[in-house]
Every structure is written in structure tokens, then in C-alpha cells.
1. Do the conditions hold for Thr48, that is, is it over 22 Å from Val24 (Cβ atoms), among the hydroxyl-bearing types (Ser, Thr, Tyr) and either touching a Leu at 6+ places or on another chain (Cβ under 8 Å) or assigned to a loop (DSSP other than H, G, I, E, B) (or both)?
2. For region 1-35, which residues satisfy the criterion of being of a type in the set (S, T, N, Q) and either at pLDDT below 65 or assigned to a loop (DSSP other than H, G, I, E, B) (or both)?
3. Condition test on Leu73, is it at negative phi and within 14 Å of the chain's Cα centre (by Cα)?
4. So the check is Cβ under 8 Å with 6+ separation or different chains; which pairs have a first residue in region 55-66 that's assigned to a helix (DSSP H, G or I) and a second one that's hydroxyl-bearing (Ser, Thr, Tyr)?
Amino acid sequence: MTNTDTPPARPRRGYLNPQFVLMVSFWTTTICIVVAVVASILAIWEYTGSDVLWRTVATCAVIGGGTVSFTVLNGLFADAGR
């Protein structure tokens, strides 16, 4: 006997495809980390000033944080859409 009361399982979907959002988030955050590390090394070796360092690190933190936040929110909508 089969239970006909249970609807078929739908694939997990957020506002956008969660796998795609996760991939973009990973690469964006990775690029931000690499840029911040390179800016820090350049500041340590005095190729750039500390002013450039803090602006670069702050920009990378904002972009990376926003990307991660969007990924989390998209995942919440994926769970709510079930």
C-alpha cells in the first residue's frame, strides 16, 4: 500500500538556486580574503599607506559580509518554501 496523502518532494529552492548562490558566495568571499591579504602585505612592506590598507580591508569586509548574509537569507527562504 502507498500513502497518497503525502505530496511529492520538491527540490530545495530559495529565491535563487541555493547551489548557485553558495558557489558565488564562496568565490566572492575568497576573492575578498585574497585582496585583503595582498593589501596587508603591501602595507607591511610600505608599498601602500595604511590609509589604503584600512579602506581595502573595510571594503572587502562589507562585500564579503553582504554576500554571506544574502546566502543565509536565501537558504532561509529555501526552507520556508517547502
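The values are calculated or read from the model by the stated rules, or taken from the named source; none is laboratory data. This is a predicted model, so every value here is computed, not measured. Note: ideal-geometry Cβ built from the backbone for every residue, glycine included; neighbour counts use all protein chains shown.
1. yes
2. Residues satisfying the conditions are Thr2, Asn3, Thr4, Thr6, Asn17.
3. yes
4. Pairs found: Val57/Ser40; Ile63/Thr28; Gly64/Thr28; Gly64/Thr29.
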